[in-house]
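The values are calculated or read from the model by the stated rules, or taken from the named source; none is laboratory data. Remember, it's a predicted structure, so these values are computed and weren't measured experimentally. No Cβ is skipped: glycine too gets one built from the backbone with ideal geometry, and neighbour counts run over all protein chains shown. These area figures cover heavy atoms from the full protein model, side chains too; ligands, DNA and RNA do not enter into them. Shrake-Rupley method; radii C 1.70, N 1.55, O 1.52, S 1.80 Å.
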Amino acid sequence: MISGSHSCSWFLVIISTIFILPFIEAQSNLCRTTCGNIQIKYPLSIDDGCGSPYYRHILVCSDTGKLEFRTPSGRYAVHNISYSDPHILVSDPYMWKCEDENNFRATRPFSLDTSTHFSLSSKNAYLFFNCSEKDVIIEPKPIFCERFPERCDSSCDSASYLCRHLPGCPMALNRGSSCCSYYPKATESLRLMLRYCASYTSVYWRTIEIDPPYDQVPEYGIRVDFDIPVTTHCLQCEDNLRGDGTCGFDTQSQNFLCLCEKTNTTTYCTDPENKKHGKRIGVIAGTTTAFSIAGAVGVGAGIWYLRKLRATAPVACGVESNENRLF
């Protein structure tokens, strides 16, 4: 038969092992590297404290493994991320599609948060449908620009190649519908255009591996470019010879952190100073929460266990008195 004091010791060991230790060690695995079949690499992330703080809270991975791009105008499905030519390809469900043909649904302008390091790519082309000729300058751009060079950028090009060759459905529009191409330089310009046009869509030019000038093909979608900030700290952190860490940041101060298997550091994982000074600098978001949840579960289990123990043994953990009673 196990005594009360020994029962208490075993109880604390079991609770620590089951509920608390896994969460303390799990901090090195909080930075997920994929969402569905899309790779997540620095500077992007889907977990707070990972990647660069410039791109914090931008990408969201759903429970079903669908990656979404969050902007002030909504959430958009991500179809691809390129790191060699840094950009994200997203789709807007409100934009016109080939299957819509002459049925123009109400839409809303796509916008980016100007405080982030994202930008709309110059490889995007925007097509507007059934615009009011009273409110929008709809002219063949080469002719209009030649006549009015100072107003060239304000015209919507009715002679656009893409309007005449809609990707995937060149005959989708009948003669009763009009199309023109215009590149809005600001979100407000896009909003203004949509006040006077029935709908719009975005087409980007995708580069393929053939010889120019046929190395680009038009496809529907919105290309969003981003920068990859290169720092000495991050290069050292990710160096295989220095511990192969993961670049991240402190969620409170947003200062750089190198996330390692057992700890976080401001340098790199195998830095001798870490062991010398016993460094354990912060934990990234999620660890504290996980630990708190684990602690709550552990305390709950502990209360249940001690109640049961008191009902079967006169003495629980240590000597029971009015001063140290738990219940």
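Karplus-derived 3J(HN,Hα) values for the stretch 170-187, using 6.51 cos²θ - 1.76 cosθ + 1.60 with θ = phi - 60°, are x, 10, 5, 9, 8, 5, x, 10, 10, 9, 8, 10, 8, 10, x, 7, 8, 4 Hz; glycine and proline are entered as x.
Apolar share of the accessible surface for the stretch 66-226: 50 percent from carbon plus sulfur atoms, 1.4 Å probe.
FRET efficiency for the Arg195 to Thr232 pair, using the beta carbon distance and R₀ = 45 Å, is estimated at 0.40. Average accessible surface for the stretch 66-226: 55 Å² per residue, computed with a 1.4 Å probe over protein heavy atoms with every protein chain in place. The HN-Hα couplings worked out from phi for the stretch 188-200 by the Karplus form 6.51 cos²θ - 1.76 cosθ + 1.60 (θ = phi - 60°) are 5, 5, 5, 4, 5, 4, 6, 5, 10, 10, 6, 6, 7 Hz, whole numbers, x standing for Gly and Pro.
The phi-based Karplus calculation (6.51 cos²θ - 1.76 cosθ + 1.60; θ = phi - 60°) puts the 3J(HN,Hα) values of the stretch 220-233 at 6, x, 10, 8, 10, 8, 9, 9, 10, x, 9, 10, 4, 4 Hz, whole numbers, x for Gly and Pro.
Taking R0 as 22 Å, what's the FRET efficiency between Tyr161 and Ile210 from their Cβ-Cβ distance, rounded to 0.05? Could you put the intermediate results ahead of the total?
Numbers: r = 19 Å, r/R0 = 0.84.
Rounded to the nearest 0.05, the efficiency is 0.75.
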